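The values are calculated or read from the model by the stated rules, or taken from the named source; none is laboratory data. Because the structure is a prediction, the values reported are computed rather than measured. Note: ideal-geometry Cβ built from the backbone for every residue, glycine included; neighbour counts use all protein chains shown. Accessible surface areas use protein heavy atoms only, side chains included; no ligands, DNA or RNA. Shrake-Rupley method; radii C 1.70, N 1.55, O 1.52, S 1.80 Å.
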Amino acid sequence: MALSHAIMTALLEDDMSGYELAKAFDISLGLFWRASHQQIYQELHKLADRGWLQCETVAQAGKPDKIVYALTQAGRDAMAEWVLGNSRVQEGKDDLYVKLYNLSEANAAHLAVEIGQRREQMMQRLYLYEKIRRRHYADPDALPVRRKGVYLALLAGIRQGEHFLAWCDEAQAMLGDIG
């Protein structure tokens, strides 16, 4: 998925400034697709140049003017075409797994600690996911169609996180037997 599609997805329901979009991205799509604020701003300009976004300058009292972005019909058409195309899975790159190929008695304890840190990070992420699920998706069957899609993406993140926690527990047990 190109960053452009993630940005246009965020703009499907609401027009936003670059700042608002970057903040919204951090707490929603950013859970599944990473991008810096600078990358988001660069992509906004490209999408506007393609005619997929329109820009409106809004004056603000005591602040610089802000530019609000909205998805154009051409942008909506591009999104519809993209959704009907084949999805690609991007394989992850993770140093930890390469480190595990180098497991020895000398580094087993260190790797167990690193896995413990990853486990804690995942616990924090799952806490956030569950908080979002309970607050916004308590009754998935009653959701509007598009929100059901968001729920399913969230549920995938929850299930992957639970699977990762189980792996961490198994890995730490095995590494504990080495050291």
With springs connecting C-alpha atoms under 10 Å apart, model the chain as a Gaussian network and identify which of Glu81, Glu91, Glu162 has the largest mean-square fluctuation.
Glu91
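What does the accessible area per residue of the range 50-145 come to in Å², with a 1.4 Å probe and no ligands, DNA or RNA counted?
Values: 7440 Å² over 96 residues.
Value for the range 50-145: 78 Å² per residue.
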Round to the nearest 0.05 the FRET efficiency obtained for Asp177 and Lys93 when R0 = 30 Å and r is the Cβ-Cβ distance.
0.60
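Calculate the dipole size of the range 47-179 relative to its Cα centre from +1 charges on Lys and Arg beta carbons and -1 charges on Asp and Glu beta carbons; express the result in debye to the nearest 20. Working shown, then result.
Numbers: 18 positive and 18 negative charges, 135 e Å.
The dipole of the range 47-179 has a size of about 640 debye.
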Among (1) 13.8; (2) 14.6; (3) 10.4, only one was calculated for this model; which label is it, if the read-out is mean projected area of the Cα convex hull in nm²?
(1)
How big is the range 95-176 along each principal axis, measuring the range of its Cα positions in Å and listing the largest first?
54, 18, 16
Considering the options Met8, Gly149, Ile67, tell which one lies farthest towards the positive end of the dipole of the chain, charges being +1 on Lys and Arg and -1 on Asp and Glu at the Cβ, about the Cα centre.
Ile67
Report the normalised scattering of the range 3-83 as log10 I(q)/I(0) at q = 0.18, 0.24 Å⁻¹, calculated by the Debye formula with identical scatterers on the alpha carbons.
-0.70, -1.18
Between the residues Met122, Met79, Ser104, the Cα farthest towards the positive end of the dipole of the chain, that dipole coming from +1 and -1 charges on the beta-carbon of Lys, Arg, Asp and Glu, is from Met79
